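Participant: One structure coming up, written as structure tokens, with questions to follow.
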Amino acid sequence: MRIISPQILEKGIYTNPSQALSGSVPGLKVSLTSGNPTSSPKVILRGGTEFDGSGGPLVIVDGQLRDNFDDINPQDIASMDVLKDAGATAIYGARASNGVILITTKRGKEGKPVVSFNASAGFSQPTRLPKMTNSYEYATMLNEVLPGSFSDEQLEGFRTHANPWKYPDTDWFDEIVKGASPLYRADIGVSGGTEKVKYYANFGANGEDGLYRNSANRYDQYSLRTNLDVKTSKYVDFQLGVTARLEDTKYPAKGAGDIFGAARRSRPDQVAWWPSGEPGPAVERGDNPAVTSTDLAGFDHYKNQYIQNNLSVNIKVPWIEGLTLRGNGSYDIHFQNRRLMKKPVYLYTWDGTTEGSEGLSASKQWLDTPQLERKHSEQIGWMLNGLIDYNRTFGQHTIGVTFGMEGQKK
């Protein structure tokens, strides 16, 4: 078992906790395969399969089975334990064959109310971008393969950048991707309590701008977690946890694979934006990736709302020494709303003579008419389990019996 210190999760600015696990546990592989702000890293533990919600580590949060832990505010985590040995299977069965991640969230402590506030900001950057040829290199190489493709005058114009209208030199990845994107996180919480009632509440907000230069990509999350511990008597106590979360995600109307694929295939002697500010012409199939990566071509907007409720009850049966009854339940609701708007884009071609907006003519590309798609979905899941535990010592002998049942709907 490996225990992850909460300080590891709190010291950085993370969209989700799994990004903080890289390098913290031997045998734990964390890889991020997308630059989208909402993308979750793939987590592989103990040589298992990828953490995609179906074949990865078993995730248990406050005793409740969860599909993942990326939706938890790192500030709410009190402890995180990683089980990656045979003991995990012994405790949790075949579902834990790829390891177990145990998370306990913060709870109130006896004492006066304590108010906390944390805020941080930073930047994210692309790890690596392809380095493409410039116009002069491209024209020179093409002339070697197909002699006469470019004249000596054109080669000199590309080399000297004498006239951006006649001799463009476009770095398509630089036109689409910016060098750094801002991100932030802020939390305000309160905790405290008495011997019988303890409470913890925290409101958090975090967000990240996408890496597109004229960004149509952004992610913002707002969450509220409340944990309540109540001891009604010396025999009965219960714990209640309620979490509400809103995720607001924006993408361009066109997918990242199409945008970056078009950027990779576009030539450096093609124009992304004319010097006068208008979009350049289509580079393939009515597309200019420098334009379709912005909201000029529309947007793909998701709003996800989550409500998660946990309740645990512990009862020590007073008239039977050593007998304890435990019950746990969770009830989760997920609403998703999606609006996908695709709009025609107006791209401009140059007459080759007049250097200015007057020499440009517009044409409608990509789509003929706007398209709007709206979707709404909701999902309800619950879990109930009960445990009867009897432990009694008679002299040198100890008797222990445990019986449990569980039901679940995802």
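Participant: So which residues in the stretch 270-316 are among the polar types (S, T, N, Q), farther than 30 Å from ILE333 by Cα and open to solvent by 20 Å² or more (accessible area, probe 1.4 Å)?
Facilitator: GLN270, SER276, listed by residue number.
Participant: Which ones in the stretch 241-295 are basic (Lys, Arg) and within 30 Å of TYR200 (Cβ to Cβ)? Can you show your working first?
Facilitator: Taking the stretch 241-295 as the starting set, the residues that turn out to be basic (Lys, Arg) are 245, 250, 254, 264-265, 267, 285.
Within the stretch 241-295, ARG245 is the sole residue that qualifies.
Participant: Output the number of residues of the stretch 181-222 satisfying the condition of being among the hydrophobic types (A, V, I, L, M, F, W, C) and open to solvent by 40 Å² or more (accessible area, probe 1.4 Å).
Facilitator: Filtering the stretch 181-222 down to residues among the hydrophobic types (A, V, I, L, M, F, W, C) leaves 183, 186, 188, 190, 197, 201, 203, 205, 211, 216.
Still in the running and open to solvent by 40 Å² or more (accessible area, probe 1.4 Å): 188, 190, 197, 203.
Residues flagged as among the hydrophobic types (A, V, I, L, M, F, W, C) and open to solvent by 40 Å² or more (accessible area, probe 1.4 Å) within the stretch 181-222 amount to 4.
Participant: While we're here: With (1) buried (at least 19 other Cβ atoms within 10 Å of the Cβ); (2) within 18 Å of the chain's Cα centre (by Cα) as the list, and LEU246 as the residue in question, which single condition is left unmet?
Facilitator: Answer for LEU246: the failing condition is (1).
Participant: Ok, one more. Looking at (1) modelled with pLDDT under 95; (2) within 26 Å of the chain's Cα centre (by Cα), can you tell me which one ASN163 breaks?
Facilitator: (2)
Participant: Something else: Across the stretch 378-398, which residue is nearest to SER312 (Cα to Cα) among those that are of a type in the set (A, V, I, L, M) and free of Cβ contacts under 8 Å to residues at least 60 places away in the same chain?
Facilitator: Only one residue fits best here, namely LEU384.
Participant: Could we say that PRO164 is under 23 Å from THR354 (Cβ atoms) and either open to solvent by less than 30 Å² (accessible area, probe 1.4 Å) or in contact (Cβ under 8 Å) with a residue 12 or more places away in the chain (or both) here?
Facilitator: Numbers: under 23 Å from THR354 (Cβ atoms): yes; either open to solvent by less than 30 Å² (accessible area, probe 1.4 Å) or in contact (Cβ under 8 Å) with a residue 12 or more places away in the chain (or both): yes.
Yes, satisfied.
Participant: Looking at (1) in a strand (DSSP E or B); (2) out of contact with any Ser or Thr (no Cβ under 6 Å at 6 or more places or on another chain), which is the only condition ASP368 fails?
Facilitator: (1)
Participant: The conditions are (1) touching a residue at least 60 places away in the same chain (Cβ under 8 Å); (2) in contact with a Ser or Thr (Cβ under 6 Å, 6 or more places away or on another chain); (3) buried (at least 21 other Cβ atoms within 10 Å of the Cβ), and PRO252 fails exactly one of them. Which is it?
Facilitator: PRO252 satisfies all of (1) touching a residue at least 60 places away in the same chain (Cβ under 8 Å); (2) in contact with a Ser or Thr (Cβ under 6 Å, 6 or more places away or on another chain); (3) buried (at least 21 other Cβ atoms within 10 Å of the Cβ) except (1).
Conditions tested, residue by residue: (1) open to solvent by 80 Å² or more (accessible area, probe 1.4 Å); (2) at positive phi; (3) not in a loop (DSSP other than H, G, I, E, B).
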| residue | (1), (2), (3) |
| --- | --- |
| GLY108 | no, no, no |
| VAL115 | yes, no, yes |
| ASN118 | no, no, yes |
| ARG128 | yes, no, no |
| THR133 | no, no, no |
| ALA139 | no, no, yes |
| LEU142 | no, no, yes |
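Participant: Next question. With the checklist (1) under 30 Å from GLU355 (Cα atoms); (2) without any contact (Cβ under 8 Å) to a residue 24 or more places away in the chain in hand, flag the one item TRP172 doesn't pass.
Facilitator: Here TRP172 meets the rest and fails (2).
Participant: Could I ask something else about it? Taking TRP366 as the residue in question, decide whether it is open to solvent by 60 Å² or more (accessible area, probe 1.4 Å), in contact (Cβ under 8 Å) with a residue 60 or more places away in the chain and touching a strand residue (DSSP E or B) at 6+ places or on another chain (Cβ under 6 Å).
Facilitator: When the stated conditions are applied, TRP366 passes them.
Participant: If PHE51 satisfies every condition in (1) modelled with pLDDT of 65 or more; (2) part of a loop (DSSP other than H, G, I, E, B); (3) hydrophobic (A, V, I, L, M, F, W, C) but one, which is the exception?
Facilitator: (1)
Participant: Checking the conditions here, which among THR402, THR349, THR393, THR353 is open to solvent by 50 Å² or more (accessible area, probe 1.4 Å), farther than 30 Å from THR226 by Cα and in a loop (DSSP other than H, G, I, E, B)? First the steps, then the outcome.
Facilitator: On the way: THR402 fails: in a loop (DSSP other than H, G, I, E, B); THR349 fails: in a loop (DSSP other than H, G, I, E, B); THR393 fails: in a loop (DSSP other than H, G, I, E, B).
After applying the criteria, what remains is THR353.
The values are calculated or read from the model by the stated rules, or taken from the named source; none is laboratory data. Keep in mind that what you see is a predicted model, and the values were worked out from it rather than measured. Every residue, glycine as well, gets a Cβ built from its backbone with ideal geometry; the counts of neighbours run over all protein chains shown. When the accessible area is computed, the model is the full protein with side chains, heavy atoms only, and any ligands, DNA or RNA have been set aside. Shrake-Rupley method; radii C 1.70, N 1.55, O 1.52, S 1.80 Å.
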